[in-house]
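J.: Shown below is the structure under consideration.
The values are calculated or read from the model by the stated rules, or taken from the named source; none is laboratory data. Keep in mind that this is a model prediction, so the values were computed, not measured. Positions of Cβ are generated from backbone atoms using ideal geometry, with glycine treated the same way; all protein chains shown enter the neighbour counts.
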Amino acid sequence: MKLATQFRDGRRFPLHIIVFLAPAVIVYTMFMIYPLVDSLRLSLYTSDDRGNETFVGLDNYHKLVTDPLWEPRLKGAIINNIKFFAIHMLVQNPLGLLLASLLSSPYIRGRTIYRTLIFTPTVLSVVLIGFIWSMILSPLWGISGDFFTAIGLEQYAKKPWLGLESTALTTLSLVSVWQWVGIPMMLFLAALISIPDELIEAARVDGATGWGVFWRVKFPLILPTVGIVSILTFVGNFNAFDLIYTTQKVNAGPNFSTDILGTFFYRTFFGQQLQPGNPTMGATIAGVMFLIILTGVLLYMFGWQRRITQVEL
Amino acid sequence: MSSLSSTLMRRFRPAQQIQLMAAHVILLTYTAFALFPIVLILINSFKTRKAIFKSPYALPDADTWSTVGYETVFKRANFPDYFRNSLIVTLGALALILFFGTMAAWALSEYRFPGNNLMGLYLALGIMIPIRLGTVSILRLCVDLGIVDTLLALILVYTASGLPLAIFVLTNFMKQVPRDLKDAARVDGASEYRIYRMILPLVRPAIGTVAVFNMIPIWNDLWFPLILAPSERNKTVTLGAQTFLGQFVSDWNAVLASLTLSAVPVVILYIIFSRQLIRGLTAGAVK
């Protein structure tokens, strides 16, 4: 309070506050905020061979959604990205919740060991995970073939899961689920552990079964975490790149069937063998990704988080 | 075993015992599923090519033992250099994130000045927006600054992207440092810089959390090394492994060996810091 009034008296802004804030603010502004803003600006320009930039308004966006060269790629990438996200929401997060609810039971011996081991794939780089799984799924090595034979589904034993348009995207989504399930597991586990025992005891005394306690008592209490997990999944998925690039290369094959916004952005901006890089169109795709992610974050903040707080009150 | 099962008998009713068993079965199955691919890569990296295909599930024995994959990796790729680059980038970025982050968090949590909340909000913007979306301009900026294809470019980009969450976590933590302590130091005539140094040890758990949280994503990143520092001299382990694997894709020994080599440092870090990492994840969720 004292300091605040001193400012109104016209005292100088204390130097030490500036010294403390300056390094972080400068690096953050220069390498994060400025590039994000400048990239949005670039999406409104077009550049010729000599690098001269001309302002074209929303023409690049218009081109992206109408031009026969761009439109199918954008549509494909968005649809594939939605599928990628849907599989994470339907498989990764429920699986994370299941594992967390098992691990949150105080009667399970070796909880810490299970938790630590199950989290291991999450700390490895996506590049390694991508190569590991493309080897395991390779019909040449036959590891996945052995698995399907063992469970009596021999018709799937020789299937090149990553090589077929019909299966590649789903397979890669599941590989990504396998890698990242540790994150929702940990977040759900933390939320479940923090529920007071008295609440659960009270429900049990009232005759609720384990299943009933979970859905009627625990699940409503961890809804804030459900929201956090969902928005983290959303942002992570619509920004994904490494797994597709590592396993399917820059063209997100076969026939663009695994192309998502991240690979589309990289290919456009950086170019590839036949097509030179196009920074302004790249910036435009980044602009589309920015809008999608921003919409998700705002929906979460104002649609979900607000309502949850009201329920808690 | 028998004493264990008899204690179980006394403590739990049969229905509960079945539930416990089922939980263990599910957890064991999933743990095996999570580890199986990694173990498979590890054991096969020490086998001859023939054995990799003939008996992939067997441990290497005297007949099948071979380190030819590792020899290829060391002959054909500069893994020691890649490790050095990854280490410089990760430690450099971590040091800057922690140094700049604690300073900014200290200013936001300690002083009431006009625009404090606004500044906090501005610095928090980057928590949810991925820095990748600004890549086109980041590359231009690095070209203009003459730091393209240097490790410095990577360090600065990772610092910028790590700061928002670091400042957010550290500010919340520093608000809990007791007032009396700081006021006592001020009465003794300590400068504000001195008091900042004094409280750092008090927020060590939060610093640990922030460090562990940033370490693994920086080490594992492929995107920025690929775009900002792709030359052989500046490759990080992740990019180096990516390129090597792409070139040697048909040399199974070399692929398995390089996969193992690139996984080892992260797994060691994980073993050392898993407690802290997990504590960080769980503490972050409660907030």
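J.: If you take the residues in region A:79-109 that are closer than 25 Å to B:L20 by Cβ and free of Cβ contacts under 8 Å to residues at least 60 places away in the same chain, which one is surrounded by the fewest Cβ atoms within 10 Å (Cβ to Cβ)?
T.: Once the filter is applied, the top-ranked residue is A:P106.
J.: Still on this structure: Does B:L125 qualify as being within 8 Å of another protein chain (Cβ to nearest Cβ), surrounded by fewer than 19 Cβ atoms within 10 Å (Cβ to Cβ) and either of a type in the set (A, V, I, L, M) or within 30 Å of B:S109 (Cβ to Cβ) (or both)?
T.: yes
J.: Being of a type in the set (S, T, N, Q) and within 24 Å of the chain's Cα centre (by Cα) is the filter here, so list the residues in region A:99-155 that pass it. Walk me through how you get there before you give the answer.
T.: Step one: list which residues in region A:99-155 are of a type in the set (S, T, N, Q), which gives A:101, A:104-105, A:112, A:116, A:120, A:122, A:125, A:134, A:138, A:144, A:149, A:155.
Of everything in region A:99-155, those that are of a type in the set (S, T, N, Q) and within 24 Å of the chain's Cα centre (by Cα) turn out to be A:S101, A:T116, A:T120, A:T122, A:S125, A:S134.
J.: Further question: Suppose we keep only residues that are over 10 Å from B:G240 (Cβ atoms) and of a type outside the set (K, R) within region B:74-85. Which one would you say is nearest to the chain's Cα centre (by Cα)?
T.: B:P80
J.: B:L277: buried (at least 16 other Cβ atoms within 10 Å of the Cβ), within 27 Å of B:I41 (Cα to Cα) and of a type outside the set (S, T, N, Q), yes or no?
T.: Spelling it out, B:L277 is indeed buried (at least 16 other Cβ atoms within 10 Å of the Cβ), within 27 Å of B:I41 (Cα to Cα) and of a type outside the set (S, T, N, Q).
J.: Assess whether B:R204 counts as being over 17 Å from the mean Cα position of the chain (by Cα), within 12 Å of chain A (Cβ to nearest Cβ) and of a type in the set (K, R).
T.: For B:R204, the condition - over 17 Å from the mean Cα position of the chain (by Cα), within 12 Å of chain A (Cβ to nearest Cβ) and of a type in the set (K, R) - is not met.
The rows are residues; the columns are (1) surrounded by 17 or more Cβ atoms within 10 Å (Cβ to Cβ); (2) more than 12 Å from chain A (Cβ to nearest Cβ); (3) touching a Lys or Arg at 6+ places or on another chain (Cβ under 9 Å).
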site: B:Q176; (1), (2), (3): no, yes, no
site: B:V187; (1), (2), (3): no, yes, no
site: B:S191; (1), (2), (3): no, no, no
site: B:P217; (1), (2), (3): no, no, no
site: B:A229; (1), (2), (3): yes, yes, yes
site: B:V255; (1), (2), (3): yes, no, no
site: B:I272; (1), (2), (3): no, no, no
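Matching residues to (1) closer than 26 Å to A:G303 by Cβ; (2) of a type in the set (F, W, Y); (3) touching a residue at least 60 places away in the same chain (Cβ under 8 Å); (4) in a helix (DSSP H, G or I):
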{"position": "A:M186", "(1), (2), (3), (4)": "yes, no, yes, yes"}
{"position": "A:E198", "(1), (2), (3), (4)": "no, no, no, yes"}
{"position": "A:R204", "(1), (2), (3), (4)": "no, no, no, yes"}
{"position": "A:G207", "(1), (2), (3), (4)": "no, no, no, no"}
{"position": "A:G212", "(1), (2), (3), (4)": "no, no, no, yes"}
{"position": "A:F234", "(1), (2), (3), (4)": "yes, yes, yes, yes"}
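J.: I'd like to verify a number: residues in region A:222-275 that are of a type in the set (A, V, I, L, M, F, W, C), more than 11 Å from chain B (Cβ to nearest Cβ) and surrounded by fewer than 17 Cβ atoms within 10 Å (Cβ to Cβ), how many?
T.: 2
J.: Out of (1) within 12 Å of chain A (Cβ to nearest Cβ); (2) among the aliphatic types (A, V, I, L, M); (3) farther than 29 Å from A:M289 by Cβ, the odd one out for B:V157 is which?
T.: (3) is the only condition that B:V157 fails.
J.: Is it true that some residue in region B:234-252 is modelled with pLDDT of 90 or more and of a type in the set (G, A, S)?
T.: The answer is yes, given that some residue of region B:234-252 is modelled with pLDDT of 90 or more and of a type in the set (G, A, S).
J.: Further question on the same structure: Just the residues that are facing another protein chain (nearest Cβ under 10 Å) and in a helix (DSSP H, G or I), please, taken from region A:138-183.
T.: Within region A:138-183, A:I143, A:D146, A:F147, A:V175, A:W178, A:Q179, A:G182, A:I183 qualify.
J.: Would it be correct to say that B:I26 is more than 9 Å from every other protein chain (Cβ to nearest Cβ) and assigned to a helix (DSSP H, G or I)?
T.: Here the answer is no, as B:I26 does not meet what is asked.
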